[in-house]
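Taking it in order: structure first as C-alpha cells, then the write-up.
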Number of protein chains: 2
Amino acid sequence: MFAELEQLGKQAQRAARRLRTLDTETKNRALEGIAQVLRERQADILAANAEDLTAGRATGLSEAMLERLLLNEARLQSMAADIRHIIALPDPVGETFDGQTLPNGLQITKRRVPIGVIGVIYESRPNVTVDIASLCIKSGNAAILRGGKEAACSNAALAEAVAAGCERGGVPREAIQLIRSQERELVKDMLTADQYINMIIPRGGAGLHDFARRNATIPVITGGIGICHIFIDESADIAKAIPIVFNAKVQRPTVCNALDVLLVHASIAPRILPAIAADLARAQVELRCDPRAHAILRDHPLAKPAGPEDFDTEFLSLVLAVKVVDSLDEALDHIEQHSTHHSDAILTENYSHAMRFTDEVDSAAVYVNASTRFTDGSQFGLGAEVAISTQRLHARGPMALRELTTYKWVVLGDGQVRP
Amino acid sequence: MFAELEQLGKQAQRAARRLRTLDTETKNRALEGIAQVLRERQADILAANAEDLTAGRATGLSEAMLERLLLNEARLQSMAADIRHIIALPDPVGETFDGQTLPNGLQITKRRVPIGVIGVIYESRPNVTVDIASLCIKSGNAAILRGGKEAACSNAALAEAVAAGCERGGVPREAIQLIRSQERELVKDMLTADQYINMIIPRGGAGLHDFARRNATIPVITGGIGICHIFIDESADIAKAIPIVFNAKVQRPTVCNALDVLLVHASIAPRILPAIAADLARAQVELRCDPRAHAILRDHPLAKPAGPEDFDTEFLSLVLAVKVVDSLDEALDHIEQHSTHHSDAILTENYSHAMRFTDEVDSAAVYVNASTRFTDGSQFGLGAEVAISTQRLHARGPMALRELTTYKWVVLGDGQVRP
C-alpha cells in the first residue's frame with residue numbers, strides 16, 4: 001500500500017474514534033469554523049484555483065470542464081451557505097429505534113452511529129471537497145478524499161481550510177483528509193484498504209462507478225446512472241403530460257434523473273406525440289423514434305429513426321428516445337428490461353394503472369404524474385445529498401446524513417445468560 | 001460465465017419479478033407446501049442423504065463433519081417446524097415509512113420491497129437449503145444456492161422438495177434454485193454475476209467470507225467472525241459475573257458470539273480470577289493468560305502464558321485469553337484494537353462506566369451485564385436469522401426477514417414539475 005494512504009488511513013481511524021462520540025454542538029461549531037475560514041482565506045483559495053485553471057487551459061481542458069473547475073467569490077459564498085444549511089439539519093447520530101424489553105428482562109435498542117471512515121473518489125468539481133466534508137462531519141464520520149488532478153491546487157486549499165475550521169471547532173483536523181499523491185495506482189489501493197475505510201462513494205461517470213465496483217473489497221455506493229422512462233398511458237391528461245415531459249427532458253438534461261425514454265400508448269400517441277414534439281422543439285430536443293413513433297412524427301424536423309442502442313442509452317443531452325406501445329403491460333416489460341431502475345414515471349388518470357405501475361416497477365423512485373427530475377435529496381426533503389444510489393443494499397435513491405450512518409445493538413442486562 | 005449459472009440467473013430474474021408482487025397468503029401457502037413435501041418425500045431425502053454420508057465416509061470426512069451432514073426424521077421435522085415458524089412471522093414487504101407531503105403537493109413514501117435475487121454460498125449443513133429458501137420466499141426474494149459438494153445429493157433432494165412445495169402454493173419453482181455443477185470456478189462467476197444476483201450471503205468460515213469479499217462485484221454480507229470480549233470492571237457483581245463468563249464461553253463454544261477474551265480490572269482480578277478459573281474448570285476451559293493474569297492463576301492447572309496471537313484469535317473452542325487491565329480506558333483501547341466488533345460486554349455496577357462502554361465501544365452488539373451469546377436473530381426477537389453481519393452497511397448484527405428487503409420511493413403527483 002502507498003505510504004501516504006497508510007498514514008492517512010491510520011489518522012482517519014483515530015479521528016473516526018473521536019468523531020463518533022462528539023456531541024452535535026461541537027460538530028456544528030466545526031462546520032461554522034469551516035464557513036468562516038473559507039471566507040478568511042478566500043484570496044488564497046482563488047489563487048490556488050487560478051493555478052488549476054491556468055494548468056487546465058495549458059493541457060487543453062474543454063470550456064465546460066474549466067467552467068466546472070472555476071471558483072469565484074459567489075461560489076465560495078454558496079459553499080458557506082450550504083454548510084450553514086447542514087448545520088441547521090438534525091444530527092442523525094444517537095437516534096434510538098426498534099427498542100424492546102425481552103421476556104428475560106434484557107432491554108434491547110438499536111442506536112444510530114456513524115459508519116466510520118468514508119472514502120470518496122471524485123472528479124473535477126472542487127466544491128465536492130467542502131460538500132462531502134460537511135456531510136461527513138455532521139454525521140460523525142471521518143473521510144479520505146481523492147479528487148481529480150485538474151483540481152489539485154483548489155482541493156488542497158479547500159482541504160486546508162476544512163482542517164483549520166475543524167480545529168477551530170474542537171474537531172481533529174484529521175477528520176477530513178485529502179490524498180495529495182496523484183498516482184493512478186493509489187486509487188486501487190484505496191478501494192482495497194478495508195482495514196482503514198468502511199465505505200466508498202464514487203462521484204463521477206459510469207466508468208468510475210464501474211471501476212470502483214469491480215476493484216473494491218470495501219462496500220461501494222454505486223449509483224448516479226439513470227436511464228429514466230416516462231410512460232404516457234392512454235388515459236393521460238394531455239395538459240399535464242406535455243409540461244412534465246418537457247421538464248423531465250429539458251430542465252437539466254445533463255443529470256441522472258433527466259428523461260431518456262418516452263413510451264406512449266398507441267391509442268393516445270397520434271394526438272399527443274405531435275404536441276410533445278412541437279413543445280420539445282422549443283429546446284431543440286432531438287427525437288429518436290421507433291418505427292410507429294416515427295410514422296406519427298415523420299414530418300417533424302428533429303425526429304429520426306432510433307438506432308439499436310437508443311433505448312439503452314443515458315443521453316445526458318437534449319436527445320429523447322420515443323416508442324409506441326400497445327398496453328401498460330408492454331410498457332412494464334420494456335421498463336423491466338431497459339431501465340437502470342433509477343427513476344421511472346407513469347402519466348395516467350387511470351387509478352388501477354397508477355397502482356400497478358407503482359407496485360410493479362422496481363426502481364429507486366417510481367412516479368405517478370410528476371417529473372422524474374424530483375429524485376434528489378433536497379427535493380425529497382432530506383436537506384442535502386451525498387449521492388443517489390441505484391444499488392439495492394443499504395440505501396436506495398437520494399442519500400443524505402442518515403444514510404451515512406449505521407446502527408449498533410445496545411443490550412442492557414442484569415446478569416442474564418442464555419439458556 | 002458458466003452456462004448453468006447463466007440459465008439459472010435468467011430464470012431467477014423472471015421468478016423475482018413474480019415474487020416481488022406476491023401477497024403474503026400465497027407466499028405462506030408455498031411455505032406450507034414445502035413443509036408438506038418434506039414429510040411426503042422423507043424416504044427419498046434420507047436416501048439421498050445416506051449417499052452423501054457413504055461418500056463422505058469414503059473420502060474420510062471427520063465425525064464432526066458427518067454429524068453436521070446427517071439428516072434423520074427428527075431433523076426433517078425440525079426443518080418443517082422452522083418453516084411453520086416463518087409462516088407465522090409478519091411479512092416485511094409492503095411496509096411504508098417516512099411518508100410526507102411536500103409543499104408542492106407531492107406525496108412521497110418509502111415502501112419496503114424485496115432485494116431481488118439472493119446468492120447464497122454455504123458449506124456442509126443441508127438444513128441451510130431449506131432455511132434460506134423459506135426466508136427468501138417469505139421476504140419475496142428469489143435465491144440461487146450453491147451448497148458444499150459433501151451435501152450434493154441431500155441438497156438436490158431438498159431443493160427438489162422446495163421447488164415442488166413452491167408450485168403447490170402457486171409460487172414459481174424457479175424461486176429457489178440449486179446450482180448442480182460442482183466446479184470450483186463457478187463460485188467466482190457467481191460472485192461477479194451482477195446482472196443476475198443482487199446480494200451474496202456467504203455462510204461459512206472466515207476463509208469463505210474473505211474470498212467472497214475479495215472476488216465479488218455484488219454486495220456481500222460479510223460476518224459471522226467474532227473475537228468477543230468481556231470486560232470485568234472493578235465494581236462488577238461477582239455473583240453475576242461468574243455465570244455470565246461461564247455461559248459466554250461454554251454454552252456453545254463453536255459459534256461466533258462465544259467469548260474469546262476476558263479483560264479484568266486489576267483491582268478485582270485477585271478476587272475474581274481464581275473463582276472464574278475454578279468455575280470454567282468444570283468445562284475444562286484452557287486459559288491463556290497475560291503475565292499479570294498468569295501471576296494470579298499460577299497454580300491453576302489449565303492456565304498457561306498467552307502466546308502472541310492469543311488476543312487476536314477466534315478460538316471456536318474451550319480456550320479463553322485472559323488479560324488484566326488497569327482501567328476502563330485500557331479496556332476500551334484493547335477492544336478498539338483487537339475486537340472484530342461483533343459482540344462485546346462490560347460487567348459493572350458503575351452507571352457511568354456502563355454508559356461510557358455502550359457509547360464508546362463500536363460493535364454490532366454492545367452489552368452491559370449479560371452474556372455475549374444473546375447476539376442471535378431469535379434471541380433478539382427477530383424470529384429467525386439469515387446471517388450475522390459484522391460489516392457496517394445495510395444491516396449490522398443479526399439479519400432476518402426485514403434485512404432481506406430494501407425500499408423504493410413512491411411519489412404520487414398531479415402534474416408537478418421541478419422549478
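The values are calculated or read from the model by the stated rules, or taken from the named source; none is laboratory data. All values derive from a computational prediction rather than experimental measurement. Backbone-built Cβ (ideal geometry, glycine too); neighbour counts: all protein chains shown.
Quick one: how many residues across the range A:163-175 are of a type in the set (A, V, I, L, M), in contact (Cβ under 8 Å) with a residue 24 or more places away in the chain and not in a loop (DSSP other than H, G, I, E, B)?
2
If I go through the range A:271-290 residue by residue, how many of them are part of a loop (DSSP other than H, G, I, E, B) and surrounded by fewer than 15 Cβ atoms within 10 Å (Cβ to Cβ)?
Of the residues in the range A:271-290, 3 are part of a loop (DSSP other than H, G, I, E, B) and surrounded by fewer than 15 Cβ atoms within 10 Å (Cβ to Cβ).
Report those strands (runs of 3 or more DSSP E) wholly inside the range B:311-378 carrying at least 2 residues which are within 13 Å of chain A (Cβ to nearest Cβ).
In the range B:311-378, the matching strands (runs of 3 or more DSSP E) lie at B:343-347, B:365-370.
Which residues, counting only those in the range B:316-329, are free of Cβ contacts under 8 Å to residues at least 60 places away in the same chain and out of contact with any strand residue (DSSP E or B) (no Cβ under 6 Å at 6 or more places or on another chain)?
Selection gives B:Asp329 alone.
Does the range A:140-162 contain any residue that is assigned to a helix (DSSP H, G or I), under 21 Å from the mean Cα position of the chain (by Cα) and within 20 Å of A:Leu393 (Cα to Cα)?
no
Mind listing whichever residues of the range B:92-110 are within 8 Å of chain A (Cβ to nearest Cβ) and surrounded by fewer than 19 Cβ atoms within 10 Å (Cβ to Cβ)?
Narrowing the range B:92-110 to residues within 8 Å of chain A (Cβ to nearest Cβ): B:100, B:102, B:106, B:108.
Across the range B:92-110, the qualifying residues are B:Gln100, B:Leu102.
It is to be established whether one or more residues within the range A:205-216 are assigned by TED's automatic domain parsing to the domain that holds A:Val37, of a type in the set (S, T, N, Q) and in a loop (DSSP other than H, G, I, E, B). So that I can check it myself, show each step before the final result.
So the first thing to find is which residues in the range A:205-216 are assigned by TED's automatic domain parsing to the domain that holds A:Val37, and the list is A:205-216.
From what's left, of a type in the set (S, T, N, Q): A:215.
In the following step, the residues that additionally are in a loop (DSSP other than H, G, I, E, B) were identified as none.
Checked against the condition, which is being assigned by TED's automatic domain parsing to the domain that holds A:Val37, of a type in the set (S, T, N, Q) and in a loop (DSSP other than H, G, I, E, B), the range A:205-216 yields no hits at all.
List pairs: first in the range A:301-315 and acidic (Asp, Glu), second part of a helix (DSSP H, G or I), Cβ under 6 Å, 6+ apart or cross-chain?
Hits for this filter: A:Asp312/A:His338.
Would you be able to say whether some residue in the range A:115-124 is over 26 Å from B:Glu360 (Cα atoms), more than 10 Å from chain B (Cβ to nearest Cβ), part of a helix (DSSP H, G or I) and charged (D, E, K, R)?
No - not one qualifying residue is present in the range A:115-124.
Contact list please: Cβ distance under 7 Å, first residue in the range B:38-56 and under 16 Å from B:Ser124 (Cα atoms), second residue in a helix (DSSP H, G or I) and charged (D, E, K, R), pairs at least six apart or on different chains.
Once the first residue is under 16 Å from B:Ser124 (Cα atoms) and sits in the range B:38-56, its partners that are in a helix (DSSP H, G or I) and charged (D, E, K, R) give B:Asp52/B:Glu150; B:Gly56/B:Glu150.
Could you tell me whether A:Ile115 is closer than 28 Å to A:Asp189 by Cβ, touching a Lys or Arg at 6+ places or on another chain (Cβ under 6 Å) and among the β-branched types (Val, Ile, Thr)?
In short, yes.
Please state which one of A:Ala295, A:Ala303 is farther than 17 Å from B:Thr109 by Cα, surrounded by fewer than 18 Cβ atoms within 10 Å (Cβ to Cβ) and hydrophobic (A, V, I, L, M, F, W, C).
A:Ala295
When the range A:16-59 is examined, which residues are found to be in a helix (DSSP H, G or I), closer than 29 Å to A:Gln195 by Cβ and of a type in the set (Ser, Thr, Tyr)?
Of everything in the range A:16-59, just one residue is in a helix (DSSP H, G or I), closer than 29 Å to A:Gln195 by Cβ and of a type in the set (Ser, Thr, Tyr), namely A:Thr26.
Any idea which residue in the range A:249-269 is farthest from the other protein chains (Cβ to nearest Cβ), counting only those that are touching a residue at least 40 places away in the same chain (Cβ under 8 Å) and polar (S, T, N, Q)? Working first, answer last.
The first filter runs over the range A:249-269 and keeps only residues touching a residue at least 40 places away in the same chain (Cβ under 8 Å), leaving A:249-266, A:269.
Of the ones still in play, those that are also polar (S, T, N, Q) are A:251, A:254, A:257.
Working: A:Gln251: 6, A:Thr254: 14, A:Asn257: 9 Å.
Step by step, filter the range A:249-269, then rank; the result is A:Thr254.
Sort out which residues of the range B:148-188 are among the aliphatic types (A, V, I, L, M), buried (at least 21 other Cβ atoms within 10 Å of the Cβ) and over 16 Å from B:Val120 (Cβ atoms), and write them in order of number.
B:Ala157, B:Ala161, B:Val171 - these are the residues of the range B:148-188 that are among the aliphatic types (A, V, I, L, M), buried (at least 21 other Cβ atoms within 10 Å of the Cβ) and over 16 Å from B:Val120 (Cβ atoms).
Can you tell which of B:Gly413, B:Gly397 is at the interface with another protein chain (Cβ under 7 Å from one of its Cβ atoms) and under 13 Å from the mean Cα position of the chain (by Cα)?
Going through B:Gly413, B:Gly397 in turn, the sole match is B:Gly397.
Take the residues of the range A:195-248 that are charged (D, E, K, R) and closer than 26 Å to A:Glu349 by Cβ: which is farthest from the other protein chains (Cβ to nearest Cβ)? Full working, then the answer.
Filtering the range A:195-248 for residues charged (D, E, K, R) gives A:203, A:210, A:213-214, A:233-234, A:237, A:240.
Now drop any that are not closer than 26 Å to A:Glu349 by Cβ, which leaves A:233-234, A:237, A:240.
Values: A:Asp233: 14, A:Glu234: 18, A:Asp237: 7, A:Lys240: 4 Å.
The qualifying residue farthest from the other protein chains (Cβ to nearest Cβ) is A:Glu234.
Is it the case, given these coordinates, that B:Ile132 is at pLDDT below 95 and either in a helix (DSSP H, G or I) or within 13 Å of another protein chain (Cβ to nearest Cβ) (or both)?
yes
What are the residue pairs meeting all of these: first residue in the range B:392-419, first residue at pLDDT 95 or above, second residue of a type in the set (Gly, Ala, Ser) and in a helix (DSSP H, G or I), Cβ atoms under 9 Å, and 6 or more apart or on different chains?
Listed pairs, sorted by first residue: B:Leu412/A:Ala354; B:Gly415/A:Ala239; B:Gly415/A:Ala241; B:Val417/A:Ala248; B:Arg418/A:Ala248.
Pairs under 8 Å by beta carbon, first residue on the phi > 0 side of the Ramachandran plot in the range A:330-344, partner buried (at least 21 other Cβ atoms within 10 Å of the Cβ) and charged (D, E, K, R), six or more apart or different chains?
A:His341/A:Asp362
Has the range B:1-16 got any residue that is crowded, with 16+ Cβ neighbours inside 10 Å, touching a Leu at 6+ places or on another chain (Cβ under 9 Å) and at pLDDT below 95?
So in the range B:1-16, the residues crowded, with 16+ Cβ neighbours inside 10 Å come out as B:2, B:5, B:8-9, B:11-13, B:15-16.
So of that shortlist, the ones also touching a Leu at 6+ places or on another chain (Cβ under 9 Å) come out as B:2, B:5, B:8.
Now restrict to residues that are at pLDDT below 95: B:2.
Scanning the range B:1-16 turns up at least one residue that is crowded, with 16+ Cβ neighbours inside 10 Å, touching a Leu at 6+ places or on another chain (Cβ under 9 Å) and at pLDDT below 95.
Identify all residues within the range B:60-74 that are assigned to a helix (DSSP H, G or I) and either surrounded by 14 or more Cβ atoms within 10 Å (Cβ to Cβ) or among the hydrophobic types (A, V, I, L, M, F, W, C) (or both); write none if there are none.
B:Ala64, B:Met65, B:Leu66, B:Arg68, B:Leu69, B:Ala74
So B:Ser235 ticks every box in (1) surrounded by fewer than 18 Cβ atoms within 10 Å (Cβ to Cβ); (2) part of a helix (DSSP H, G or I) but one. Which box is left unticked?
Evaluating B:Ser235 over (1) surrounded by fewer than 18 Cβ atoms within 10 Å (Cβ to Cβ); (2) part of a helix (DSSP H, G or I) leaves (2) as the failure.
Determine which member of the set B:Glu385, B:Glu403 is crowded, with 24+ Cβ neighbours inside 10 Å and more than 7 Å from chain A (Cβ to nearest Cβ).
Going through B:Glu385, B:Glu403 in turn, the sole match is B:Glu403.
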